[in-house]
Amino acid sequence: MGASQDVVGGVTASWQRVRESKPLVHCMTNFVSMDIIANTLLAVGAAPAMVMEAEEVVEFAGVASALLVNTGTLSAPAVAAMRLAAAEYHALGKPWVLDPV
């Protein structure tokens with residue numbers, strides 16, 4: 001099997017695991033890309049949740065599978081909430097992704 005077939009096989013297997021597990025993905029994103037990110041996650045079988053407030057992120061990290069942080073449009077409260085969320089997901093050993101735009 002060639003390298004490209006290995007990659008395709010790996011992507012296919014990963015996509016199947018996402019569809020089977022239906023992960024709840026905590027999204028902290030700007031309002032411009034919010035619907036695109038939500039629709040993309042839905043298309044691959046995940047469940048997006050747009051939870052933005054610092055008061056909610058620690059509790060939500062306990063139930064979500066992963067965190068996506070998109071820094072497209074920042075404010076001081078958003079940065080504080082994003083830092084708090086990333087720290088909580090890290091402490092829980094859950095994956096999180098930084099999309100610095």
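Solvent-accessible surface of the chain, averaged per residue with a 1.4 angstrom probe and all protein chains in place: 62 square angstrom. Amide H of Trp96: which non-local residues (sequence gap of 5 or more, or other chain) have their own amide H closer than 5 Å, using H built in the peptide plane? Correct list: Leu67.
Reported to the nearest whole Å, the Cα centre-to-centre distance from the range 1-41 to the range 67-86 is 21.
Taking every DSSP beta bridge that has both ends in the chain, the antiparallel portion is near 0%. For the range 1-87, the set of GluC sites (Glu not before Pro) satisfying both a DSSP loop assignment and a count of at most 13 other C-beta atoms within 10 Å is given as Glu53. Overall dimensions of the range 1-52, expressed as equivalent-ellipsoid semi-axes from the Cα gyration tensor (√(5λ), whole Å, largest first), are 27, 12, 8.
Each distinct pair of alpha carbons in the chain adds a 1/r term; the inverse of their mean, the Kirkwood radius, is 14.4 Å.
For Lys94, the accessible area of its heavy atoms, probed at 1.4 Å with every protein chain present, is near 50 square angstrom.
Residues Val18, Val101, sorted by accessible area with the largest first, give Val101, Val18 [1.4 Å probe; ligands and nucleic acids excluded].
The Glu55 and Ala13 beta-carbon pair, evaluated with R₀ = 35 Å, returns a calculated FRET efficiency of approximately 0.40.
Converting phi to 3J(HN,Hα) with the Karplus coefficients 6.51, -1.76 and 1.60 and the offset θ = phi - 60°, the range 31-48 yields 5, 5, 9, 4, 5, 5, 5, 4, 5, 5, 4, 4, 5, 8, x, 8, 10, x Hz in sequence order, with x at every glycine or proline. For Ala47, the residues whose amide H sits under 5 Å from its own are Leu24, Val25, ignoring neighbours fewer than 5 places away on the same chain, with H placed 1.01 Å from N.
The values are calculated or read from the model by the stated rules, or taken from the named source; none is laboratory data. Quick caveat, the model's predicted, so the values are computed rather than measured. Using ideal geometry, Cβ is built from the backbone for each residue, glycine included, and neighbour counts are taken over all protein chains shown. Ligands, DNA and RNA are stripped out before the accessible areas are found, and what is left, the full protein with its side chains, is counted by its heavy atoms. Shrake-Rupley method; radii C 1.70, N 1.55, O 1.52, S 1.80 Å.
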